[in-house]
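Below is one structure, written out as structure tokens; comments come after it.
All of the numbers you see were taken from the coordinates with simple rules; none came from a lab. This one's a predicted model, so the numbers in the text were calculated from it and none came from an experiment. Cβ: placed from backbone, ideal geometry, glycine included. Neighbour counts: every protein chain shown.
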Amino acid sequence: MNSTNFAALLTQYTRRIRASAGDVADEIGVSRETINKWKKGLCKPSHKHRNLVLACAKFLRLTEPETREFLKTAGFEATFEEAIFTDFIHSLFDRLSQSRPYSVIVLLIRACWHELPCKDALLAQAINRYLPANVLDIQPPYSPNVDANRYFSTLGKQCQFKDVSDDAGFEQALLERLENTQPLFLFVNRFERSKPFLREQLAATLGTVSDIYPNRLHIILCGAEKMAALKYQNPDELPLLDDAVVEPWPELGRTEVYAWRNYRFKGLPLDEALVDQLLTISGGHPCLLNKCLGFRQHAPDLAIEDYPKALSQCESVWPLFTSFRKEASTRQQLSQYLQQDDLGKAQPYIIDPLVRQMYWRNLLRVRERRLCWRCEALLLSGREVLDN
């Protein structure tokens, strides 16, 4: 794409909202001369400045299709993260902006989703909703040796706050950012891994800031099994979690499979019937789906009816079962579950410890509000592990 197409769109969209070059420049942090050069087609943003184009699209109030076209004419193709789970993520942010009394969502992600860039997908969409400077990404330290001052100092550095040395300084920095800014988005990854008293301090700080600036601090706390336990077992201990909305990460669909193909298996022919078949064979498990796509591309002679057996031998599957072999009672219980299709009603917090572990290891999925094994390959693998 050449810079002229980008220039035409930039001129069109600035005229539509009656924004000057200076207005755009001030908003995204470049000079007015730079914006004028973009508008005249003399140059376009460099490959390092994708966020500037997103910030510009945000300021110009572009729709999502307009933003995609705007990025494309500037020389930036849509990334994998921006192509997956788009409907879910849009609904997530819509719900976040409407949540009361706190704008907090607990996002629960099970094992093996590291195969998909969940975090990148969320942050890419967050940048489309908020100015890039208003998207904060933190991961609280969970070292057993960290004290409160180091904990909040680390969070301050991750947010690019200056001179934060304790919880009071972190709270003040957040308040100063919110005093004269649009809503601030805060993504907190692995909140549950911190020491109990530190996560309680962080939750209290975020709750206080949210009380002072209602609906201005939008928070997603991303975690797994321990996060669910914090939410459902002792909700009164953390009011921030008690008032939070819970969302599980969604299952893979056709859109994600096509995006995955385009990202990792370019040129692989797929139609909707085959995509649905691969989703069924893999049970929507990300590691197994990745293997299925690999079979299609690198082992085309492997019959599709042989996929379950081949998947059951994958090195990524056996470790999901091996720890269950340690105790005889667990082995016996698992052996019984491997003979069942239905493992009980799906509940926000699963009481049975073994079923709960299997759910969080992504061996099970919810169908019609019941817990079921994901696919035949996992049943085959589980039985073989127990037999060895």
Any GluC sites (Glu not before Pro) in segment 84-176 that lie in a DSSP loop and have at most 14 other Cβ atoms within 10 Å would be none
Evaluate 2.2 N^0.38 Å with N set to the residue count of segment 3-77, then give the Cα radius of gyration divided by it. 0.94
What is the distance in Å between the Cα centres of segment 205-273 and segment 104-168? 13 Å
Heads up, segment 319-387 by the C-alpha gyration tensor (a ≥ b ≥ c square roots of eigenvalues; a/c under 1.5 rounded, else a/b over b/c prolate, else oblate) looks prolate
So which GluC sites (Glu not before Pro) in segment 303-388 are both in a DSSP loop and have at most 14 other Cβ atoms within 10 Å of their Cβ? Glu315, Glu327, Glu368
Let me make sure I get this right: for segment 86-248, a, b and c are the square roots of the gyration tensor eigenvalues over alpha carbons, sorted descending. Under 1.5 in a/c it's rounded, otherwise prolate if a/b > b/c, else oblate. Which is it? rounded
Please report the antiparallel percentage of DSSP beta bridges with both residues in the chain, rounded to the nearest 5. 25 percent
Rounded to whole Å, sorted largest first: equivalent-ellipsoid semi-axes of the chain, Cα gyration tensor: 41, 31, 16
For every helix of n ≥ 4 consecutive DSSP H residues, a contribution of -39,500 (n - 2.57) applies; sum these over the chain, divide by its total residues, and give [θ] at 222 nm rounded to the nearest 500 deg cm²/dmol. -15500 deg cm²/dmol
Tell me the Kirkwood hydrodynamic radius of segment 121-208 in angstroms, computed as one over the mean inverse distance between distinct C-alpha pairs. 13.4 Å
Give the separation of the Cα centroids, segment 349-388 to segment 34-77, in Å. 46 Å
